[in-house]
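In what follows, a single structure is set out as structure tokens and then discussed.
The values are calculated or read from the model by the stated rules, or taken from the named source; none is laboratory data. None of these values were measured; they are calculated from a predicted model. So basically every Cβ, Gly included, is an ideal-geometry build from the backbone, and we count neighbours across all protein chains shown.
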Amino acid sequence: MTTKASRPWLVLVESNTTGTGRLFASTGRALGLTPVLLAADPARYPYVAADGVECVQVDTGDAKALEVACAALAGRASIGAVLSSSEYFVLAASRLAGHLGLPAPDPDAVRRCRDKGAQRRALADQPGAVRFAECVDVDRAVEAAEQLGGDVVVKPCFGSGSEGVRACGSPAEVEAWARKLLDVRHNERGLPIEPRILVEERVTGPEYSVEMLDGTVYGITAKHVGDEPFFVEVGHDFPACLDRSDSARVAETARRAVEALGLRSGPAHVELRLAERGPVIMEVNPRLAGGMIPHLVRLATGHDMIAATILHATRRTTAPPDPRPHHHASIRFLTLPESGEIGGVTGLDRAWEVPGVVDVVCTATVGERRQRHHSFRDRVGHVLALGETAADAATAAESGRSAITVTVVDPHEVSAARPGR
């Protein structure tokens with residue numbers, strides 16, 4: 001049963017199932033909007049019931065169905081904004097907002113960003129461009145890898161959260177991984193995907209991301225990646241410790257990339273590596289960062305990128321960010337060590353006792369069966385810390401993370417429920 005909404009709707013077309021997705025709903029409510037989630041499977045979102053968020057079940061892959069759902073909502077209250085925090089639904093949200101006459105990023109720019117092949121083509125002439133080849137068959141992937149020097153990264157053209165991204169150093173590895181990716185017809189959300197992959201030159205160097213809104217840089221995040229051959233993000237530090245010259249080069253490379261893609265409004269999360277030749281674009285995402293990065297930005301600087309994104313979508317203006325941080329914030333993720341049944345979680349109390357730790361979360365449940373995916377889906381919690389220096393925050397987060405042990409028993413391949421972006 002639904003209730004009468006007295007305030008404008010904040011329509012969320014799907015979302016992250018935890019973290020940023022939940023924060024969009026609570027922040028919208030704090031800004032005077034009534035959040036409503038449009039979702040194909042409401043059961044994916046435990047925060048909906050916990051936080052009293054209204055949810056409308058609808059086929060979110062059907063543009064007409066979304067329009068009909070919004071027409072019904074508009075009969076109860078005006079629609080103030082349409083957004084999505086999910087990589088897979090930002091295009092649907094931008095198109096729906098445009099249909100309703102609301103502010104939104106250019107759908108063509110969002111589409112170019114979401115298709116990593118189209119994105120690479122659009123950025124081919126930019127400083128920091130990566131040599132690459134788009135492939136639709138295994139033989140072409142092996143040939144492209146050889147042409148690029150043999151040491152490459154193979155990844156799907158559509159995806160998020162390091163899903164399907166792998167370093168390959170031999171023809172046999174390229175062949176096996178390309179075949180695996182090209183056999184996939186649906187992503188972890190169950191959405192159909194085109195079997196097309198990228199083979200890219202491998203770029204080394206520390207990884208960063210530039211957090212942007214409407215072309216303005218809010219800051220630069222230092223990113224920590226797990227063991228190769230995969231690229232699972234295991235932690236973030238904000239703001240990144242870069243000297244003034246490197247910071248300016250990284251930010252300018254991100255600005256040029258966003259401009260080249262036509263993403264002139266709305267949020268952008270631009271991932272780069274600082275290689276010997278300079279900043280190199282890994283990818284541009286037409287959304288706010290995941291991995292709790294907007295929360296780190298707010299804790300470190302006081303600037304709420306989620307609130308700013310919502311305000312932009314309702315035609316309200318926000319003050320430009322002050323680049324000077326008040327604190328440093330770090331997060332380290334708990335990750336699934338292997339597939340199997342969760343046998344135990346210990347050390348949460350010890351993590352809370354670490355000076356500087358301000359948040360400890362573990363979503364792993366004893367007895368639950370989980371599949372390891374070598375992507376963001378392997379995260380089962382986090383430790384977040386603040387410090388007066390970058391070293392203080394990072395050390396506290398790492399110490400808190402090290403205090404926790406997630407044990408897997410009866411390890412084997414399992415088919416688990418899929419938390420998603």
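Here residue 227 meets each of (1) assigned to a helix (DSSP H, G or I); (2) more than 17 Å from the chain's Cα centre (by Cα) with one exception, condition (1). Taking region 334-349 as the range and being in a strand (DSSP E or B), surrounded by fewer than 17 Cβ atoms within 10 Å (Cβ to Cβ) and not acidic (Asp, Glu) as the test, the residues that pass are 343, 344, 346. Just one of the numbered conditions (1) out of contact with any helix residue (DSSP H, G or I) (no Cβ under 9 Å at 6 or more places or on another chain); (2) part of a strand (DSSP E or B) is not true of residue 133: (1). Taking region 206-234 as the range and being charged (D, E, K, R) and in contact (Cβ under 8 Å) with a residue 60 or more places away in the chain as the test, the residues that pass are 207, 211, 214, 228, 233. Residues that are over 19 Å from the mean Cα position of the chain (by Cα) and either assigned to a helix (DSSP H, G or I) or crowded, with 21+ Cβ neighbours inside 10 Å (or both) are absent from region 283-299. Taking residue 216 as the residue in question, decide whether it is hydroxyl-bearing (Ser, Thr, Tyr) and modelled with pLDDT under 95. Spelling it out, residue 216 is indeed hydroxyl-bearing (Ser, Thr, Tyr) and modelled with pLDDT under 95. Of all the residues in region 47-73, those that are of a type in the set (Ser, Thr, Tyr) and either assigned to a loop (DSSP other than H, G, I, E, B) or surrounded by fewer than 17 Cβ atoms within 10 Å (Cβ to Cβ) (or both) number 1.
Here residue 352 passes the criteria (1) surrounded by fewer than 19 Cβ atoms within 10 Å (Cβ to Cβ); (2) more than 21 Å from residue 329 (Cβ to Cβ); (3) not small (Gly, Ala, Ser) except the one numbered (2). For region 295-333, residues that are out of contact with any Pro (no Cβ under 9 Å at 6 or more places or on another chain) and closer than 18 Å to residue 29 by Cα total 8.
Only one of the numbered conditions (1) in contact (Cβ under 8 Å) with a residue 40 or more places away in the chain; (2) out of contact with any Lys or Arg (no Cβ under 6 Å at 6 or more places or on another chain) is violated by residue 16, and that is (2). Restricting 44, 76 to residues that are surrounded by 14 or more Cβ atoms within 10 Å (Cβ to Cβ), among the basic types (Lys, Arg), under 23 Å from residue 309 (Cβ atoms) and not assigned by TED's automatic domain parsing to the domain that holds residue 298 narrows the list to 44. What are the residues in region 204-224 that are assigned to a strand (DSSP E or B) and among the small types (Gly, Ala, Ser), if any? Result: 209, 219, 222. Applying the criterion of being in a helix (DSSP H, G or I) and hydroxyl-bearing (Ser, Thr, Tyr) to the residues of region 369-401, the residue that is surrounded by the most Cβ atoms within 10 Å (Cβ to Cβ) is 399. Go over the candidates 114, 95 one by one and state the one that is basic (Lys, Arg) and farther than 25 Å from residue 18 by Cβ. Among 114, 95, only 95 is basic (Lys, Arg) and farther than 25 Å from residue 18 by Cβ.
Residues that are of a type in the set (S, T, N, Q), at pLDDT below 95 and assigned to a loop (DSSP other than H, G, I, E, B): does region 259-277 have at least one?
Within region 259-277, the first condition is being of a type in the set (S, T, N, Q), and the residues that meet it are 265.
Narrowing the set further to residues that are at pLDDT below 95 leaves 265.
Filter once more, keeping what is assigned to a loop (DSSP other than H, G, I, E, B): 265.
Within region 259-277 (the criterion being of a type in the set (S, T, N, Q), at pLDDT below 95 and assigned to a loop (DSSP other than H, G, I, E, B)), the answer is yes, since at least one residue qualifies.
I'd like the residue in region 1-29 that is of a type in the set (Gly, Ala, Ser) and under 23 Å from the mean Cα position of the chain (by Cα) and, out of all such residues, is surrounded by the fewest Cβ atoms within 10 Å (Cβ to Cβ).
Quick first cut of region 1-29, residues of a type in the set (Gly, Ala, Ser) only: 5-6, 15, 19, 21, 25-26, 28.
Narrowing the set further to residues that are under 23 Å from the mean Cα position of the chain (by Cα) leaves 15, 19, 21, 25-26, 28.
Numbers: 15: 30, 19: 21, 21: 23, 25: 26, 26: 14, 28: 28.
For region 1-29, the residue satisfying everything is 26.
Could you tell me whether region 153-165 includes any residue that is crowded, with 20+ Cβ neighbours inside 10 Å, assigned to a strand (DSSP E or B), among the aliphatic types (A, V, I, L, M) and not assigned by TED's automatic domain parsing to the domain that holds residue 312? Taking every residue of region 153-165 in turn, at least one turns out to be crowded, with 20+ Cβ neighbours inside 10 Å, assigned to a strand (DSSP E or B), among the aliphatic types (A, V, I, L, M) and not assigned by TED's automatic domain parsing to the domain that holds residue 312.
Could you check, for region 42-59, whether at least one of its residues is on the phi < 0 side of the Ramachandran plot, under 18 Å from the mean Cα position of the chain (by Cα) and charged (D, E, K, R)?
First pass over region 42-59, keeping only residues on the phi < 0 side of the Ramachandran plot: 42-51, 53-59.
When the remaining residues are screened for being under 18 Å from the mean Cα position of the chain (by Cα), the result is 44-45.
If we keep only those that are charged (D, E, K, R) as well, we get 44.
Checked region 42-59: at least one residue is on the phi < 0 side of the Ramachandran plot, under 18 Å from the mean Cα position of the chain (by Cα) and charged (D, E, K, R).
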